[in-house]
1. Starting from the Cα-Cα distance between Glu29 and Thr42, subtract it from 0.36 nm times their residue separation and give me the gain in nm to one decimal.
2. Collect residues whose amide H, placed 1.01 Å from N in the peptide plane, falls under 5 Å from the amide H of Ala108; neighbours closer than 5 in sequence don't count.
3. Once amide H atoms are built 1.01 Å from N in the peptide plane, which residues 5 or more positions from Leu31, or in another chain, come under 5 Å H to H?
4. Please arrange His65, His132 by how many other C-beta atoms lie within 10 Å of their C-beta, fewest to most.
5. With r defined as the distance between the Cβ atoms of Thr236 and Asp153 and R0 fixed at 35 Å, what FRET efficiency is calculated, to the nearest 0.05?
6. Calculate one ³J(HN,Hα) per residue across the range 133-138 by plugging θ = phi - 60° into the Karplus curve 6.51 cos²θ - 1.76 cosθ + 1.60, and present them in order as whole Hz with x for glycine and proline.
7. Based on the Cβ-Cβ distance from Ala200 to Thr104, what FRET efficiency comes out when R0 is 41 Å, to the nearest 0.05?
8. Give a residue-ordered list of calculated ³J(HN,Hα) values for the range 147-154 (Karplus: 6.51 cos²θ - 1.76 cosθ + 1.60, θ = phi - 60°; whole Hz; x for Gly, Pro).
Amino acid sequence: MIHSVASRRHVIADDLRTQITTGRLKAGERLPSEAQLATQYTVSTPTLRSALAVLQGEGLVEKIHGKGNFVRQRLQRITYVGGGRTPGAPDAACTSLRVSVRTTNLRARGHLTTLLKVSASSPLTEFLCLSHEGRSPHSLARIYVPRDLAPADMPSESPCCEGVTARLVELRPPLAEIRERISARLPTPEEAATLRISSALAVLAIRRVVADTTGRVVEAALLVLPADRADAIFTTTHHSNAERGTRA
C-alpha cells in the first residue's frame, strides 16, 4: 500500500513536471486547487500534496499561503564569492534583483555574543536583507554590526545586495580577517515561508565573521541561499618558492 501511494505521487509529479517543462503550464500560472487536482488524479489530498512537494523541492512549483500553488518563475542563479561579498548577481545582471532592508537596533544575546565576541546586552544593529527577483523572494541575509559602526542612513531598499555592503565598508576600519563557514541544511520553517520554498529544498547557510586589524569583530552575517539558485566560489592563490624568495 505504501509503495502504491509513493508510485502515484511520482506519476502525478511526472505528469505535472512534463506540463511545466513543455510550456503547457507557464511560469507564473496558478495550478488548479489541490481538491481539483486530487479529483483529477483520483487520489487523496495527502497524496496530491506529496506530489506537489516533490515539484516544490525541485523549484518548479511554489506555494503561496492563501493563494495556491503556482508554476515558479525561473530565477537567475547568484554567486557567492568567498572573501566577504554579500551574495549578489554579476554586475550585468544585478539590476534584476531588488533588496529590501529592515534595520533594527537590538542588544547582543545568545549566539550573537559569541559571533561578535561582545558581552551580553552590547548595542548592535541588525540589517535584514531580503532580495527579490520580480515578485519572487531570492535570498536572505541577516547582517549584524556594532551599533557605532552602523550607518544612520541605510536605505530601506537597494538595487543590489552590494549596496548594503558598500555602506558598511564606508564606516569600518581596515580588515584583517574574514572567516566563513558554509553548510548545506534544510531551511527553518521561518526561512521556508520567507523565501517561499519547500521545507525539503536544501539551502546553503553561510556564516561570515569579519574582524579588523585590532581583532575586533566588525560584522557577522548569516546568509541563506536556496540551493536551486546559488553557487559558491572560493579562490586560493599559491605563490611559488621563487616568488617567496624574491619577496623575502
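1. 2.4 nm
2. Amide H neighbours of Ala108: Ser121, Ser122, Leu124.
3. Sorted by chain and number, the residues that satisfy this are Asn69, Phe70, Val71.
4. Details: His65 7, His132 16.
By the 10 Å Cβ count, ascending, the order reads His65, His132.
5. 0.40
6. 10, x, 9, 9, x, 10
7. Values: r = 30 Å, r/R0 = 0.74.
That pair, Ala200 with Thr104, gives E of 0.85.
8. 4, 6, 9, 8, x, 7, 10, 5
Read the figures in this text as sums done on the coordinates, not as results from a lab. This structure is a prediction, so every number in the text was calculated from the model and none was measured. Cβ atoms come from the backbone with ideal geometry, glycine included; neighbour counts cover every protein chain shown.
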